[in-house]
Every structure is written in structure tokens, then in C-alpha cells.
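Working notes for the structure below.
The values are calculated or read from the model by the stated rules, or taken from the named source; none is laboratory data. All values derive from a computational prediction rather than experimental measurement. All Cβ positions, even for glycine, are placed from backbone atoms using ideal geometry, and neighbour counts span all protein chains on display.
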Amino acid sequence: MSGLRERKKQATREALMSAALRLTLERGLENVRIEDISAEAGVSPRTFSNYFSSKYEVLAARHTDRAAYQVAALRARPAQEPLWQAMTEATVQAWERHTGPQPVAPGPERLAATRLLVDEPSLQAEALKLTFASQRELAVAVAERTGSDPDRDLYPHLVAVTVTAAVQAVVGHWLHADPPVPIVPLFRDALRQLAAGLPAPSTPGDT
């Protein structure tokens, strides 16, 4: 029974997140109210408040979910797997939950709407707050994997901050790529470069 209850709660949460994103992309953030999101998801505003405190939080919730899944996936990777390989697979798994395993480039209209959403200052503030919280959790998972101490050692925090910055760089590149490209291969490429020490790109004149 508890499993069924949890699945129903997760389904309601997903419905609210999808409704919020759909309405915001259609109407613009300022033209969407909590009541609109609730109605679109088929629940009451009171039910909305049981899950989220604001429309900004519900719109940023996918970031929270991906970050939590990334941490869980990293902890689940084989212990003998090298850190950066494990981190790459965990990051890719977290994003493939929403994009699907097959690389598909987004349509231009979707990209344009997403750019407007990402540029909203209120959402940027919410995302920044969530980023700081998720970085700490990722650093703890890295510390567990490397035998370091997240309260004393710098290394796990350097890894967490670097991976977070790489994710942000990938999303920014993906949003403005011309022509549009799938996002998941970009994560593999970005983390491969980090694992290699981020060497300078070669030029035609290099030997």
C-alpha cells in the first residue's frame, strides 16, 4: 500500500511539473498562476501547495530531480569503476530519464521558448539556490567514492563544482547550437574533456 501511495504522489508531482512547463512555454511565466497549473494538472491549489511553494519551485523541480538522480546513480556505479567514468554515466543517466536514450535534436520553437524560460531572472535565482544544495550532495557522494572527507578535503568539492559547471556549459551550448544538436552526447564530450584534464583543443597547424 505504501508503494502505491508513493507512486501516486510521484505521478501528481510529475503532472504538476509538466503542466507548469507546458503553460509557461505557451503563455510566458508572468501569465501563469498556481491556479492555472493546478487546473492543468487536474488537482486543487491546496494539493499544489503540498508539493511546491511557488511556480518558480515547480519549474525548477526537474533540476532538483536530475541532481538527486545523478547522486543516486553515482553511488550505484561499480566500486572499481574510475571516478570520471562513473560520473559520466551517472550524469548521462540523469538526463536520459527525461530526454530518452536516443539522441534527438530539439525543434527550433521548443529551443526558442526554453531560452526565454532560462533567461527569466526569478527562475535563475531559484536554480542557483538549488545548485548550491545539489553540489553539496554530489560532493558527499564523490567523497564516499574516493575515500575523502567532504568536511576536510577540497577534492570532492572541486569535482562537484566542476561537474556542475560543465552541465551548465553544456546546457548553454545546447540552447544556442546552430543547427540544433542532441544534448546527451554533449555531456559525454564535456566530461571526457574534464577527465583528460581539459587540454587545449588542437589546431590544424599542430603536429
Practice item. Answer with yes or no whether Val118 is closer than 24 Å to Ala196 by Cα and either outside the structural domain of Asp189 (by TED's automatic domain parsing) or touching a residue at least 12 places away in the same chain (Cβ under 8 Å) (or both). Key: no
Check your understanding: So Gly28 clears everything in (1) free of Cβ contacts under 8 Å to residues at least 60 places away in the same chain; (2) not assigned by TED's automatic domain parsing to the domain that holds Gln124 except one condition, right? Which one?
Key -> (1)
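Given the condition touching a residue at least 40 places away in the same chain (Cβ under 8 Å) and of a type outside the set (Val, Ile, Thr), answer yes or no: does some residue in the stretch 158-167 qualify? Steps first, answer last, please.
Quick first cut of the stretch 158-167, residues touching a residue at least 40 places away in the same chain (Cβ under 8 Å) only: 159, 163, 167.
Those still in the list that are of a type outside the set (Val, Ile, Thr) too: none.
Checked against the condition, which is being touching a residue at least 40 places away in the same chain (Cβ under 8 Å) and of a type outside the set (Val, Ile, Thr), the stretch 158-167 yields no hits at all.
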Review point. Are there any pairs, at least 6 apart or on different chains, whose C-beta atoms fall under 7 Å, with the first in the stretch 92-112 and closer than 23 Å to Thr164 by Cβ and the second at pLDDT 75 or above and not in a helix (DSSP H, G or I), and if so, which?
Key: Trp95/Ile183; Thr99/Ile183; Pro103/Pro182; Pro106/Pro180; Leu111/Pro180
**Study point:** Members of the stretch 31-56 that are surrounded by 16 or more Cβ atoms within 10 Å (Cβ to Cβ) and either in contact (Cβ under 8 Å) with a residue 24 or more places away in the chain or small (Gly, Ala, Ser) (or both)
**Key:** Ser38, Ala41, Val43, Phe48, Tyr51, Phe52, Lys55, Tyr56
Point to revise | Candidate set from the stretch 82-102 (those that are more than 26 Å from Tyr56 (Cβ to Cβ) and surrounded by fewer than 14 Cβ atoms within 10 Å (Cβ to Cβ)); member that is modelled with the highest pLDDT | key: Pro82
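Of all residues being touching a Pro at 6+ places or on another chain (Cβ under 7 Å) and of a type outside the set (A, V, I, L, M, F, W, C) in the stretch 137-156, which is surrounded by the fewest Cβ atoms within 10 Å (Cβ to Cβ)? Just the residue, please.
We begin by selecting, within the stretch 137-156, every residue touching a Pro at 6+ places or on another chain (Cβ under 7 Å); these are 139-140, 142-143, 146, 148, 150, 156.
Right, trim to of a type outside the set (A, V, I, L, M, F, W, C) and you get 146, 148, 150, 156.
Numbers: Thr146: 13, Ser148: 17, Pro150: 19, Pro156: 23.
Among them, the one singled out is Thr146.
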Review point. Which members of the stretch 1-49 meet the condition of being in contact with a Ser or Thr (Cβ under 7 Å, 6 or more places away or on another chain) and not polar (S, T, N, Q)?
Key: Val32, Val43, Pro45, Phe48
